[in-house]
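The values are calculated or read from the model by the stated rules, or taken from the named source; none is laboratory data. Note that the coordinates shown come from a computational prediction; the quantities given were computed from them, not determined experimentally. Heads up, the Cβs are rebuilt from the backbone with ideal geometry, glycines too, and the neighbour counts pull from every protein chain shown. Surface areas here come from the heavy atoms of the whole protein model, side chains and all, with no ligands, DNA or RNA. Shrake-Rupley method; radii C 1.70, N 1.55, O 1.52, S 1.80 Å.
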Amino acid sequence: MTDAEGGAGAALGYEQARDELVDVVRRLEAGGVTLEESLALWERGEELARICGHWLEGARARLDAAIAEGEGAA
């Protein structure tokens, strides 16, 4: 994942982004926050989901390349 893809979240690893996303969802589900806080949490959750998606896309591309390489050698 590049800085352009991840923006400010580029420094977050997959596990960090996933864990923070789980916390955001937990806080939203628990309620008790203001509308403004809910919107901020939602926006952060969307950003974290995007970061996780980029990491997963990169992992899938690496797996596909490794499989293709292995099939070419066979």
Legend entry - Helix-only mean residue ellipticity at 222 nm for the chain, each DSSP H run of n ≥ 4 adding -39500 (n - 2.57), per residue, nearest 500: -28000 deg cm²/dmol
Inset, instruction - Over region 14-72, average the accessible area per residue using a 1.4 Å probe and give it in Å², no decimals. - result: 75
Inset, instruction - With springs connecting C-alpha atoms under 10 Å apart, model the chain as a Gaussian network and identify which of 57, 46, 36 has the largest mean-square fluctuation. - result: 36
Legend entry - Size of charge dipole - the chain - debye, nearest 20, with Cβ of Lys, Arg +1 and Asp, Glu -1, no other charges: 120
Legend entry - Carbon/sulfur fraction of accessible area - the chain, other protein chains in place, 1.4 Å, %: 56
